[in-house]
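Chemist: Would you mind keeping the following structure in view while I ask a few things?
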């Protein structure tokens, strides 16, 4: 059996010029798409997304994040360094403690919209 649904395969040779021109007019630069690809690669790690979940609720120190996720401080610190270098989280030092939070509302929105999308898909499957 064909793994593709033939009903969903376009079998025309017509170019819809207005639609094509509209899309090409708004084409992002390759650098933007490369940067977006890198962002999604970083967000695509299970441990890092759990850290983002924690930081979506509150600024926290490494010890507290490690406690919430039942992981070592070392493994959390390693992942936080990756997130910090990518501009996803930022840190501040208070005495010997380092506190982390999401860098800005864009990251918060990315995470929350992603969760909303997943839950919406699950709800539509259940119904």
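Values quoted throughout were computed directly from the atomic coordinates according to the rules given, and no laboratory measurement underlies them. These figures come from a predicted structure and were not determined experimentally. Because the Cβ atoms are built from the backbone with ideal geometry, glycine has one as well, and the counts that use them run over all protein chains shown.
Chemist: Using r as the Cβ-Cβ distance of residue 53 and residue 20, and R0 as 35 Å, what FRET efficiency do you calculate, to the nearest 0.05?
Modeler: For residue 53 and residue 20, the calculated efficiency is 0.30.
Chemist: Find the centroid of the Cα atoms in segment 1-61 and in segment 68-125, then give the distance between the two in whole Å.
Modeler: Segment 1-61 and segment 68-125 have Cα centres spaced 20 Å from each other.
Chemist: Once the piece of chain linking residue 126 and residue 74 is laid out straight, how much longer is it, given 0.36 nm per residue of separation minus the C-alpha distance between them?
Modeler: Full extension from residue 126 to residue 74 adds 14.8 nm.
Chemist: Let me ask something else about it. So how many Å³ per residue does the convex hull of the Cα atoms of segment 29-126 work out to?
Modeler: It is 117 Å³ per residue.
Chemist: Order these by the 10 Å Cβ neighbour count, fewest first: 69, 55, 24.
Modeler: The fewest-first ordering by Cβ neighbours comes to 24, 69, 55.
Chemist: Another one. Order these by the 10 Å Cβ neighbour count, fewest first: 98, 125.
Modeler: Least to most surrounded, the residues fall as 125, 98.
Chemist: Could you work out how far helix 46-57 tilts from the main Cα principal axis of the chain, as a 0 to 90 degree angle to the nearest 10?
Modeler: 70
Chemist: Would you work out if segment 1-81 is rounded, prolate or oblate? Take a ≥ b ≥ c from the square roots of the eigenvalues of the alpha-carbon gyration tensor; rounded if a/c is under 1.5, else prolate when a/b is larger than b/c, oblate otherwise.
Modeler: Prolate is the answer for segment 1-81, as a/c is 1.5 or above and a/b outweighs b/c.
Chemist: For residue 119 and residue 84 in one chain, what is 0.36 nm times their gap in residues minus the Cα-Cα distance, to one decimal in nm?
Modeler: Using 0.36 nm per residue and subtracting the Cα-Cα distance, I get 9.8 nm.
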